[in-house]
There are 2 protein chains.
Amino acid sequence: MKKQLTIGLFGFGCVGTGLYEVLNKTTLLQASIKHIVIKDLSKKRIIDANYFSTDADRILDDEEINVVVELINDYEAAYEIVTKALKSGKHVVSANKKLIAYYLDELISLAKENQVSFLYEASVGGSIPIIRNLEEYYNNDSLSNINGIVNGTTNYILTKTGEGESFDEALKNAQDLGFAELDPTSDVDGFDAKYKLVLLLKHAFGFTAKQDAVWNYGIRQLKDWDATYAREKGLKIKLLAFGTRINNQVIGFVAPHLIPANHFAFNVENEFNAVVVEALFSDKQLFLGKGAGSHPTASAVLSDISALQFDYAYEYKKSKTEERLTFENDFSLKVYVSATTQEKLDEVEFADTLETYSGQSHSYKIGLIRYSEIQKMDWNAASEYFLAVVPDSVELDTKSILSASESTELIEELS
Amino acid sequence: MKKQLTIGLFGFGCVGTGLYEVLNKTTLLQASIKHIVIKDLSKKRIIDANYFSTDADRILDDEEINVVVELINDYEAAYEIVTKALKSGKHVVSANKKLIAYYLDELISLAKENQVSFLYEASVGGSIPIIRNLEEYYNNDSLSNINGIVNGTTNYILTKTGEGESFDEALKNAQDLGFAELDPTSDVDGFDAKYKLVLLLKHAFGFTAKQDAVWNYGIRQLKDWDATYAREKGLKIKLLAFGTRINNQVIGFVAPHLIPANHFAFNVENEFNAVVVEALFSDKQLFLGKGAGSHPTASAVLSDISALQFDYAYEYKKSKTEERLTFENDFSLKVYVSATTQEKLDEVEFADTLETYSGQSHSYKIGLIRYSEIQKMDWNAASEYFLAVVPDSVELDTKSILSASESTELIEELS
Ligand SMILES: NC(=O)c1ccc[n+]([C@@H]2O[C@H](COP(=O)([O-])OP(=O)(O)OC[C@H]3O[C@@H](n4cnc5c(N)ncnc54)[C@H](OP(=O)(O)O)[C@@H]3O)[C@@H](O)[C@H]2O)c1
Ligand SMILES: NC(=O)c1ccc[n+]([C@@H]2O[C@H](COP(=O)([O-])OP(=O)(O)OC[C@H]3O[C@@H](n4cnc5c(N)ncnc54)[C@H](OP(=O)(O)O)[C@@H]3O)[C@@H](O)[C@H]2O)c1
């Protein structure tokens, strides 16, 4: 059954180098890297220069190469590479969540048409085998919720702001340590988490969310007073990718959450990621691991390569059921919103107010806001505000978003 | 590829009934139960009496039945059933950790000889897909540690003692709620956890531990003062199945641990289970979910049945590597030991003492004890004492057991 895998590798940065090292140290796998395509030939590499070129066709036209591993940091160039590779009958392994979130159904079809596998475990949750488990383990179970800390950079920053650093300090330190990019937008404004959520929604519910339709709000506007509020209440602020399915409605967004101490994700700190899956039969399950880093991410890539030995392919079983799912925007969220002034706070339209605080430095309100109302503003750019979702129950009870007065209607409508 | 599965089911108790219900509600699986063998024909069942008999051969001799699902509570009867089923070329799915821990290698060989699958995901961690992940996901990664809360009954009791109930009260309540059996020995003295540890050691390291060789110490002797000590220090007492591999040495035991608030397992409460895997490349990973209960356990059984559609079998890849592993007894543990009197405490031979407390009601000591010393006493029966392992570092740092003065020698020896 096992076949020899000959790999053409695109990218030799953090993950690509990690893959090389990890492949070298494993004895059980019959796989070797034949050629590596990078962008800048003049860069120093840890291995022989003969491996490298900037010529994509050296891989794509090589018939001996049966596996393309795409580990570059440019999703448009990756689109060219991956589509060509699939069309030429090569299996593809990728860690590129942005590419996949943008072109999900197209890439899936292309792989299917060309009878090859397209695997991307490393693209969500780094080392956490979440896609594989959604595919393999829950394929006969009906999933209701998927929830995760899926961005290591923001989780690292939030760990530090939780310890008293300001957002700016924490970001700067993360950049100095190489945990955050010079332009941190993708991480800090929740785009990266959204791409991952799109993949999770696909494998959990069989639903393809247009990535434009998913609200992503990050942590750029987090103020010291928000961190202090959380600390004083014994809560933590975590950036969660949130997905739920209620009958044939799917809800999905990325936003900071104020989570209590007995929340499963409370202890998920620094660069760790975690995903919670809720299913009808198997109930709540948490998967936790390193969400980024050279070797952890490479280990997920390696695991995909290893699966190719046995012609493994995702089946997208949840996508095959008859149900037509729709993306839902009509619900309320219980949120904490802080603003630099009471006037600014009053501009936010709450459907129901539960708590208010007005002070010299800032004011805040806890209450229900309709999701459609939230989406009227670009929160990532709204520097006067910070918003965090408040789970209603002390546990990870995703029903909180629908449990208060305003939203009971929706539940009735749906059931 | 997919084949029709015709199931013969043994046992229709908690898990068997759950399986019936779960199978009925899933649409994606081509599997049906043809016959069910139970012990007591006179019991009322939730389905038609025609399904049932007490005649094992009605299943074992039926050529149409290609899958035997063994969900009975008697490991010796299960041995007869499972071996016969494997010999007659039927795939077997079982949740019976005691059976499997006792006859592991024999059952594996039998399945192999007869070219059938023997799957048992539900036997460890209930709904948590830990065996599957160890088999599939870590097969090219080198594992160093496996650590888990794998017994829901004791975790439930410890949750309650953590909240102030006495052990006896908590046990009684667990019994009243059906979480603990009338004879709680298997759970409370750590036998059940040990059976599961034996399976984990096999799939994680490729090592077959004789279940007699593994020390299992439970929570029967936990006193109120121990619970109070933990609470006052901000710690929790958790019963951990502990496995580590250092070069070619394997260490494994079951014992209560005093874990700090930032330990991954700190929030694993009630009937939840959790397993932490530490690997060379993918680093630390935690899997958390319902460790018991009708539907959660049945969901794991269902997942095994589903995998049979694709002729899935465990490969035990870790067992195939050349390395000869040995079970190690020569190391020190950092422990907390309390005793009803100072005299009793003084009878315990510590290699190194770090803290002592002597009081009116009880005394305790924290220090290093050689593992061989610990094993001289039957701690489960020693009502004057309670012992808990103290992890050295604030994280789940399994090296703690080897990090103190006494044990540095061992590390040097081994490396
Ligand atoms: N880093 C992580 O922890 C992590 C975790 C999960 C997923 N990922 C994903 O993994 C992928 C790689 O990330 P990384 O951190 O390894 O990136 P990186 O360190 O920035 O490396 C990117 C690599 O891609 C090469 N490259 C860029 N454009 C190219 C092109 N058009 N053709 C060929 N090669 C090109 C670069 O070449 P030069 O070396 O010549 O510059 C470099 O080797 C990304 O999709 C990322 O989102 C990363
Ligand atoms: N309960 C859990 O949450 C859980 C979790 C993980 C694993 N497991 C494992 O799953 C297995 C079943 O557990 P359970 O809780 O379902 O047990 P249970 O509720 O006590 O039911 C046991 C069933 O086995 C039947 N039985 C006993 N001896 C038999 C024999 N010789 N031949 C045929 N049937 C026999 C009984 O028949 P009658 O109905 O006629 O009495 C009963 O239906 C055990 O191995 C257990 O360790 C259980």
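The values are calculated or read from the model by the stated rules, or taken from the named source; none is laboratory data. None of these values were measured; they are calculated from a predicted model. When we count neighbours, we look across all protein chains shown, and the Cβ atoms used for this are built from the backbone with ideal geometry, even at glycine. Keep in mind that these areas ignore ligands, DNA and RNA; they rest on the heavy atoms of the full protein, side chains included. Shrake-Rupley method; radii C 1.70, N 1.55, O 1.52, S 1.80 Å.
A few notes on this one:
- Here the protein assembly as shown is assigned +1 on the Cβ of each Lys and Arg and -1 on the Cβ of each Asp and Glu. Its dipole about the Cα centre then comes out at about 1240 debye.
- Spherically averaged projected area of segment A:12-101 from its Cα convex hull (nm²): 6.0 nm²
- Taken across both chains, chains B and A shield about 3800 Å² of accessible surface from a 1.4 Å probe.
- Listing of segment B:258-293 residues, each with accessible area lower by at least 20 Å² in the full protein assembly than in the chain alone (probe 1.4 Å): B:PHE264, B:ASN267, B:PHE272, B:PHE281, B:SER282, B:ASP283, B:LYS284, B:GLN285, B:LEU286, B:PHE287, B:LEU288, B:LYS290
- Highest-fluctuation residue, A:LEU325, A:LEU182, A:LEU308 considered, GNM on chain A with Cα pairs under 10 Å: A:LEU182
- Residues considered: B:TYR195, B:TYR137, B:TYR385. Largest GNM mean-square fluctuation over chain B, using C-alpha springs under 10 Å, is found at B:TYR137.
- Principal-axis tilt of helix A:152-162 within chain A, Cα atoms, nearest 10 degrees: 30 degrees
- When +1 charges are put on Lys and Arg Cβ atoms and -1 charges on Asp and Glu Cβ atoms, the dipole computed for segment A:5-119 relative to its Cα centre reaches about 380 debye.
- Of A:ARG324, A:ARG132, A:ARG58, the one that fluctuates the most in a GNM where chain A has Cα springs shorter than 10 Å: A:ARG324
- Taking the longest Cα principal axis of chain B as reference, the axis of helix B:167-176 is set at about 10 degrees.
- Cα gyration tensor shape for the protein assembly as shown, rounded if a/c is under 1.5, else prolate or oblate: rounded
- For peptides B:35-41, A:272-278, sequence by mean Cβ density within 10 Å, most packed first: A:272-278, B:35-41
- Within straight-line reach of B:LYS84, meaning a Cα separation under 15 Å, sit the following aspartates and glutamates at least 8 residues removed in sequence or on another chain: B:ASP55, B:ASP57, B:ASP61, B:ASP62, B:GLU63, B:GLU70, B:GLU76, B:GLU106, B:GLU113.
- Whole-Hz couplings from phi, Karplus 6.51/-1.76/1.60, listed for segment A:250-267; x for Gly and Pro: 10, 10, x, 7, 10, 7, x, 10, 9, 10, x, 4, 9, 6, 3, 8, 4, 8
- Calculated label separations, A:SER372, copies of the chain, 7 Å along the beta-carbon direction, nm: 7.6
- With Cα atoms defining each centre, segment B:169-196 and segment B:213-260 are spaced 17 Å apart in the structure.
- Sorted shortest first, the separations between the B:LEU177 label point and its copies elsewhere in the assembly read 3.9 nm; each point sits 7 Å from Cα along the Cα-to-Cβ line.
- Between this copy and the others, label points of A:THR27 are 4.9 nm apart in ascending order, each placed 7 angstrom from Cα in the Cβ direction.
- The mean number of partner chain beta-carbon atoms within 10 angstrom of a residue's beta-carbon across peptide A:307-320 is 1.
- Separation in nanometres of the label points that stand 7 Å from Cα toward Cβ, at A:ASP55 and B:THR54: 8.0 nm
- Pairs from A:LYS210/B:LYS284; B:LYS39/B:LYS98; B:LYS87/B:LYS112; B:LYS3/B:LYS25; B:LYS160/B:LYS334 whose Cα-Cα separation, in the structure shown, is over 21 Å: A:LYS210/B:LYS284; B:LYS160/B:LYS334
- Pairwise label distance in nanometres, A:ILE47 with A:ALA213, each label 7 Å out on the Cα-Cβ vector: 4.2 nm
- Dipole-positive endmost among A:SER186, A:LEU308, A:ALA279 within chain A (Cβ charges, Cα centre): A:LEU308
- Heavy-atom accessible surface of segment B:5-119: percent carbon and sulfur, 1.4 Å: 44 percent
- Note on B:18-25: average number of Cβ atoms from other chains within 10 Å of each residue's Cβ is 2.
- Cβ neighbours within 10 Å from other chains - mean over A:138-146: 4
- The residues B:ASP187, A:ASP48, sorted by heavy-atom accessible surface at 1.4 Å with ligands and nucleic acids left out, run A:ASP48, B:ASP187 from largest to smallest.
- For a straight C-alpha distance cut-off of 16 angstrom, the lysines reachable from A:LYS376 (same-chain residues fewer than eight places away being disregarded) are A:LYS344.
- A straight Cα-to-Cα reach below 17 Å connects B:LYS172 with the aspartates and glutamates B:GLU163, B:GLU181, B:ASP183, B:ASP187, B:ASP189, B:ASP224, B:GLU271, residues fewer than 8 places away in its own chain not being considered.
- Cα gyration tensor, chain B - rounded (a/c under 1.5), prolate or oblate: prolate
- Nitroxide proxy distance, nm - points 7 Å out along Cα→Cβ at A:ASP168 and B:LEU280: 4.6 nm
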